[in-house]
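Asks: Below you will find the structure I want to go over with you.
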Amino acid sequence: MAASVRTVHVMGRLEGDVRETIRRRLSDVGGAAAYRDPAVFDAVWSSLGRATGERNLNVLLLPELLDGIHDWELKPQLSLSSHRRVLGPLILLVKRRLLLPLSRWLLEYARENFRRQQQVNRILFACIEELAVENARLRSELEQRGR
């Protein structure tokens, strides 16, 4: 009977090979010069991996700090109104019958892009938060060493 294969060991080596291939490709095509050092690349990989893969992207500190400022959240809305009292109802009727169907088509067309952009925003918020956490941890270590 053949020796059993440890999947954890094989997967670890496979992930390491993939990381190394990506590191070399980024270094070869003009990525950050610091990626030439495998230790730096692994630290960046780990930090970004925590930010993108191991977190709930709906639970972040930065959106809490932006409370009340919902401009960062993409919520495409389509609402029609008019400030004209007399002609307003007629203008709204034309908008609803002619412009709204065209606008809805455009909104549906763009909705997937809005969804992807919202996901990218959340990932970037998570990356910023992960870097802030790492920065705070390193500052704390430096202060403890200074004492």
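Asks: Find the centroid of the Cα atoms in segment 89-132 and in segment 26-70, then give the distance between the two in whole Å.
Replies: 26 Å
Asks: Turning to a different aspect of this structure: Testing the spin-label approximation: label points 7 Å from Cα along Cα→Cβ at Ile22 and Gln144. State their distance in nm.
Replies: Here the answer is 3.0 nm between the modelled labels.
Asks: Run the simple label-point estimate for Gln118 and Arg84 please: 7 Å along Cα→C-beta, distance reported in nm.
Replies: 3.4 nm
Asks: Given R₀ = 22 Å, FRET efficiency for Val8-Thr52 by Cβ-Cβ distance, to 0.05?
Replies: So the FRET efficiency works out to roughly 0.50.
Asks: Let me ask something else about it. For the chain, what is the accessible area per residue in Å² when the probe is 1.4 Å?
Replies: 83 Å²
Asks: Still on this model: What percent do you get for the relative contact order of the chain when only Cα pairs under 8 Å and 6+ apart count?
Replies: It rounds to 29 percent for the chain.
Asks: Per the 1.4 Å probe, what fraction of the accessible area of the chain, in percent, lies on carbon and sulfur atoms?
Replies: It is 58 percent, rounded to a whole number.
Asks: Counting helices only, and only those DSSP H runs with n ≥ 4, report the 222 nm mean residue ellipticity of the chain as the sum of -39,500 (n - 2.57) divided by its residues, in deg cm²/dmol to the nearest 500.
Replies: For the chain, the value works out to -22500 deg cm²/dmol.
The values are calculated or read from the model by the stated rules, or taken from the named source; none is laboratory data. Everything numeric here is computed off the predicted structure, so don't read it as measured data. Every residue, glycine as well, gets a Cβ built from its backbone with ideal geometry; the counts of neighbours run over all protein chains shown. Areas reflect the complete protein model, heavy atoms only, side chains present, ligands, DNA and RNA absent. Shrake-Rupley method; radii C 1.70, N 1.55, O 1.52, S 1.80 Å.
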